[in-house]
Amino acid sequence: MKKIFLSIVSVALAMPMLTSCIEEIDPQTNYVTQKQASETPGFFESSVASLISNLNGNFTYSGSDNHPYDFGYPSFFLQRDALGQDMVTAGTNNWYSTWYEASYALGPTYARCQVPWTYYYKWIDNCNKAITLYKEAPEGREVGAGVAYTLRAMFYQDIVRMYAAKPYALDPNAETVPLVLDDSQIMTENPRATFTAAYAQIIADLDEAEKLLAGYKRANVYEPDVNVVYGLKARAYLEIQDWANAEKYAKQAMNGYSMMTQDEYLSRSHGFNSPNSSWIFGLRFRDTDPNITDNDGDSSWGSIMILENGFECGYAANYGGPMLIDRHLYETIPASDFRKNVWIDFAIDDMSESAAIEALGNYTDHAEQIIASAASAQIGVGGMELKFRPQAGKYFTKYDAWVVSVPLMRVEEMKLIEAEAAGMQDAGRGQQLLEAFAKTRDANYVYGTHQDAYGNTSTSTFQNEIWWQRRVELWGEGFATFDMKRLNKAIIRNYPNTNHLEGYKWNFVNQENGCLYPKWMNLCIVQTETNYNYACTNNSTPDAPTTDSTPFEW
């Protein structure tokens, strides 16, 4: 891993907020002023449209097509999930191993550290530009501004939790990230906001978005509307433990939506690749996106997460880099819970090839492809995921199989927020809501059977049950690190029959400052920021264990 060359060029890349929106240039030059641009017909609308279209497909980090994790917003789902215990970055060629290994290469002077900083602050900068244009000429721009405020709140809510030195529950005044809201700020003197201050801004943005988007009927699930605003409010209030508001807004976010059925969840043609009645917000990869058209499509979500394709491309399917579920989590899912069927049973690894092909028929129409994928990764098929399917009817079509949609917010998440928030106010009511949810997935669900490894030291039996449901229901959707930090959970990777990788079988309980979760979950800020923003502090460079832990006995 090469170190970043710390120059003014890298500063510009890592800190896009240092530049003004559009240069104020003499009108007689070939450039336009910000005011002139804002008055150009369609300029504001195209700026807002780009906020959505730039969530994927554009190689925002490097501009190059040879970084397979550089495909936009869903890449951060995998980066965050790999930091913990529920996702195993298996195989011989997995591009997310740096996060799984909690490598020093996530430290402030290395390129991987720059990935989230570059993406998120670029997205935020674009939102700021749209908001500035709205403030200059608000008439007729209310909806576009509502979209910008919504997305800015979503981006800040992500990075506040990614970079926070402690979760809100342990320290409401923990440092998070510098807030950049307009170009009038002095960027060289912009300290990290406290958790409380950052969330005050997030909620203020969402309040503004709620007003601006009131009554707006969006064209499709790929645009924010007021339901998305409510969902983001539910997430925010859950994080800061305002249980009444978390419950209130989770309910409002669900209006007009319903949970996925078993057939939808397990669909071999449309499973987690197409919007359905549960998707409140989603993202669509397009056949014109660079991550589909360039580099054989290999720098894409589909390459990383879709195992089934009938052509010789893709890290998951052909190059030895699939994602697996943690074996212990898998084994805690009862056979009567239909969600268990989106991961391949570990027992198939003990079968003959003919028996394995027959057994794999319960999961896929392409058993031979799955066996070949496992062979290329030099692993068994056990734990391989089939949650995310290729585009319907495009299995053999290079690269259209990967032109899929990805959920960013589902009603199931809101159901679990509602249940948790209700239970933190009234235990009986929360348990009732939780059981109602769980029994839609497993008619035989029994409350109280999913405990954490250290005797519920950080949360109650009720919150552990919620956490377990979230781990299973939302696997691969980017919530694992957020939940481990919020609930203050330790990592358990080593236990009898673990499928975690040699050298990374860690049972890690961080004893610093009351945090049980590992400190590498507090991402480092890229050094170019701290070099030039003198008020900005940083988190510690990852210092992972150097040996495997003694197996934990569940």
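Worth a mention:
- The share of Cα pairs per 10 Å bin across the stretch 235-332, counted from zero up to the longest distance, runs 13, 26, 32, 23, 6, 0 percent.
- For the chain, the Cβ-based charge dipole about the Cα centre amounts to some 580 debye (Lys, Arg positive; Asp, Glu negative; other atoms uncharged).
- √(5λ) per eigenvalue of the Cα gyration tensor, the stretch 39-96, largest first, Å: 33, 13, 6
- Dipole axis of the chain (+1 Lys, Arg; -1 Asp, Glu on Cβ), positive-most option in Val143, Gly428, Thr530: Gly428
- Within the stretch 444-495, GluC sites (Glu not before Pro) in DSSP loop having at most 11 other beta-carbon neighbours inside 10 Å: none
- In a simple Cβ point-charge model (Lys, Arg +1; Asp, Glu -1; nothing else charged), the stretch 369-426 has a dipole of about 480 debye relative to its Cα centre.
- Of every Cα-Cα pair in the chain, the percent that sits beyond 30 Å: 49
- Within the stretch 437-554, the proportion of Cα pairs with more than 22 Å between them is 47 percent.
- Scaled radius of gyration (Cα, divided by 2.2 N^0.38 Å) that the stretch 382-432 gives: 1.86
- Once you reduce the stretch 144-194 and the stretch 370-390 to the center of their Cα atoms, the two points are 38 Å from each other.
- Distant-in-sequence amide H partners of Ala193 (H built 1.01 Å from N, under 5 Å): Thr176, Val177, Leu179
- Heavy-atom accessible area per residue - the stretch 471-554, 1.4 Å, Å²: 37
- Taken over the stretch 184-262, the alpha-carbon convex hull comes to 155 cubic angstrom per residue.
- Principal axis dimensions, the stretch 367-498 - Cα atoms, whole angstrom, descending: 52, 35, 29
- Placing unit charges on each Cβ (+1 for Lys and Arg, -1 for Asp and Glu) gives the chain a dipole about its Cα centre, and among Gln201, Gly478, Thr40 the Cα reaching farthest toward its positive end belongs to Gln201.
- Between the listed residues Gly361, Trp467, Ala372, the Cα displaced farthest toward the positive end of the dipole of the stretch 359-476, a dipole computed from Cβ unit charges relative to the Cα centre, is found at Ala372.
- The stretch 496-510 - phi-based ³J(HN,Hα) in whole Hz, Karplus 6.51/-1.76/1.60, Gly and Pro as x: x, 6, 4, 10, 6, 7, 4, x, 10, 8, 10, 10, 10, 10, 6
- Annotation for the stretch 320-354 versus the stretch 414-465: alpha-carbon center distance of 24 Å.
- Per residue, in Å², the accessible surface of the stretch 62-139 once ligands and nucleic acids are set aside, probe 1.4 Å: 25
- Heavy-atom surface analysis with a 1.4 Å probe gives the chain a carbon and sulfur content of 49 percent of its accessible area.
- Kyte-Doolittle at least -0.5, axis length at least 30 Å by Cα - qualifying DSSP helices, the chain: 142-163
- On the beta carbon distance between Thr40 and Tyr447, with R0 = 45 Å, the FRET formula returns roughly 0.15.
- For the stretch 55-153, convex hull of alpha carbons as volume per residue, Å³: 119
The values are calculated or read from the model by the stated rules, or taken from the named source; none is laboratory data. Bear in mind the structure is a predicted one, so any value in this text is a computation, not a measurement. So basically every Cβ, Gly included, is an ideal-geometry build from the backbone, and we count neighbours across all protein chains shown. Quick note on the areas: whole protein, heavy atoms, side chains included, nothing else; ligands and nucleic acids left out. Shrake-Rupley method; radii C 1.70, N 1.55, O 1.52, S 1.80 Å.
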